[in-house]
Amino acid sequence: MKLDIGRSQDFLSSLSQISQMDFQIWAVDKGMVFSSRVDQPKEISLKEVQDFSARIISRAAFQHASPEGENGLFGVPIKNGEKVIGSLIAFSSNSRSAQVALDGTTYAEEMERFLTHTAGLLEEKLVSTYEVEQMADELSQNFEELCFYARIASRVKTITFSANMLRDLVEELPETMRTDIAFTWLPERQEYNALASTEEAVEKIPEQELFVENLIKSMPVNSPSLKEDYFIVNDSTLTPGYQDQAPEPYRFLAVKMKHDGKFYGWMGLVSFNLKEIFRRSELRLLNSMAEQIAVVITNSDLYRDLERFVINMVKSLVFAIEAKDDYTRGHSERVCRYSLLMAERLGLDEEQKKVLQWSSILHDSGKIGIPESILNKPEGLEDEEYQVIKNHPMKGHTILEPLEQLASSLPGMLHHHERYDGTGYPQGLRGKEIPLEARIIAVADTFDAITSDRAYRPAKSPEEALAVMEEVAGSQLDPDLVTVFKEVYTQDLQLSPECSLQK
Ligand SMILES: [Fe+2]
């Protein structure tokens, strides 16, 4: 901080007139920054005052000297906290320097008291200037904080912002913001709750989640700062409701996470270091972060809705395509149903079943991009037309690839026309290289195709279909899965529920 006495000039000039003394202020490394006289008092040279100031600054205490005759030179340090930032020097032509007052105090002692008091007043006036300058310093010097913020900004812009990413951000806060605990607390969106703390903080407060919850719940509803979306406790021992929550005094700052009028929760910091305070710049930084995150949460919700909407659109389109053709109506739903029955027999877990459910219902979604004239052609297909049909797994993949929620369901869809012997499409995968879901769908798809009417042939009976499937087990289909399907057909099919979809 540099010593700028701009606001204190008038005060010192008046004081000079009243006290009939002259004053000078010297700043560390900057020399004289104020003099109540236009000319330098002739009794003493500038160089001598400079040395005198250096002495005050280095000793950080009241000094006096009588360089010439009885003219006194007195000075005290000007401080900001513990740091000396300059000196206040008084010249006195009063010849009382050596006198002792009736109460026993010397003139020097009187001057010390007077100058110390005056320096105190100056220091108070300097505080506001200091704060502004410090903030500027922080902004320019605290590069780390700015970089951190930039990283957040770039991360929160990504549409796939997740709870894990938020946790990563919060993890970085204690170190970056020099605090002991950092948290986000969203009562209705607990997936976004995050907490990071230093080891010392964990030792002091083992149950941190509870501690944070109590900090939030203890906020007085009528606190004026809440209107500005933050709450601050500078010293827990002095703040009602906060005294007994930790074994040691702490300070606490929390800001609201809200966007577009929607309140999500709180983001906050706790520190056991009471020598520092929460600065306005930190409040601003935290506020910005909280708002950015609230924006992203709002966007994620919208994005998820949008994704759901797109998935439903695709599903509807698949059903619409099938519905146009008597021969394929209900095909995807039946394939889904058979696939899930097989999954049950195979003992797949809920997550795998969900993946299979979506890949089977959407397995032919690429047919959206294939002309109806080819899809519904009653006779055999030309080579070129067959090539177009063969494109449908790839086309479906392209349509659904941007949807994050379907990512794990894509392989089952993409590979449902691979053959067990490696002669299928699109990639010619072989045996167990073909994803399990794709092998299951292939079995279910084959059964439904054979047992459905086609323009060029009537439906075959399930028994005939099973016989065909046994023939192609090991070449077209996974033989183990054909066996599983036979069990499904003989034991489960009549009882099974319809394929209902929830995402
Ligand atoms: Fe297909």
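Overview of values
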read-out: Leading residue by the ranking (nearest to the ligand (Cβ to nearest atom)) among those in the range 400-412 that are out of contact with any helix residue (DSSP H, G or I) (no Cβ under 6 Å at 6 or more places or on another chain) and within 22 Å of residue 302 (Cβ to Cβ); value: 401
read-out: Of residues in the range 352-394 being part of a loop (DSSP other than H, G, I, E, B) and within 13 Å of the ligand (Cβ to nearest atom), the one surrounded by the most Cβ atoms within 10 Å (Cβ to Cβ); value: 363
read-out: Meets criteria (within 21 Å of residue 395 (Cα to Cα), of a type in the set (A, V, I, L, M) and more than 16 Å from the ligand (Cβ to nearest atom)) for residue 466; value: no
read-out: Flag for residue 320 being outside the structural domain of residue 459 (by TED's automatic domain parsing), more than 14 Å from the ligand (Cβ to nearest atom) and assigned to a helix (DSSP H, G or I); value: yes
read-out: Scan of the range 272-311 for residues that are aromatic (Phe, Trp, Tyr) and either touching a Gly at 6+ places or on another chain (Cβ under 9 Å) or part of a loop (DSSP other than H, G, I, E, B) (or both), ordered by number; value: 272, 278
read-out: Evaluation of residue 140 against (1) surrounded by 13 or more Cβ atoms within 10 Å (Cβ to Cβ); (2) at pLDDT below 85; (3) in a helix (DSSP H, G or I) (one fails), failing number; value: (1)
read-out: Selected residue (only one of 467, 442, 459, 407 is surrounded by 13 or more Cβ atoms within 10 Å (Cβ to Cβ) and part of a helix (DSSP H, G or I)); value: 442
read-out: Matching entry among 370, 440 (being modelled with pLDDT of 90 or more and among the hydrophobic types (A, V, I, L, M, F, W, C)); value: 440
read-out: Among the residues listed as 327, 338, the single one being in a loop (DSSP other than H, G, I, E, B), within 16 Å of the ligand (Cβ to nearest atom), over 42 Å from the mean Cα position of the chain (by Cα) and touching a residue at least 40 places away in the same chain (Cβ under 8 Å); value: 327
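The rows are residues; the columns are (1) closer than 22 Å to residue 199 by Cα; (2) not in a strand (DSSP E or B).
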site: 211; (1), (2): yes, yes
site: 221; (1), (2): no, yes
site: 245; (1), (2): yes, yes
site: 254; (1), (2): yes, no
site: 258; (1), (2): no, no
site: 266; (1), (2): no, no
site: 270; (1), (2): yes, no
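The values are calculated or read from the model by the stated rules, or taken from the named source; none is laboratory data. Nothing here was measured: the structure is a model prediction, and the numbers come from that model. Backbone-built Cβ (ideal geometry, glycine too); neighbour counts: all protein chains shown.
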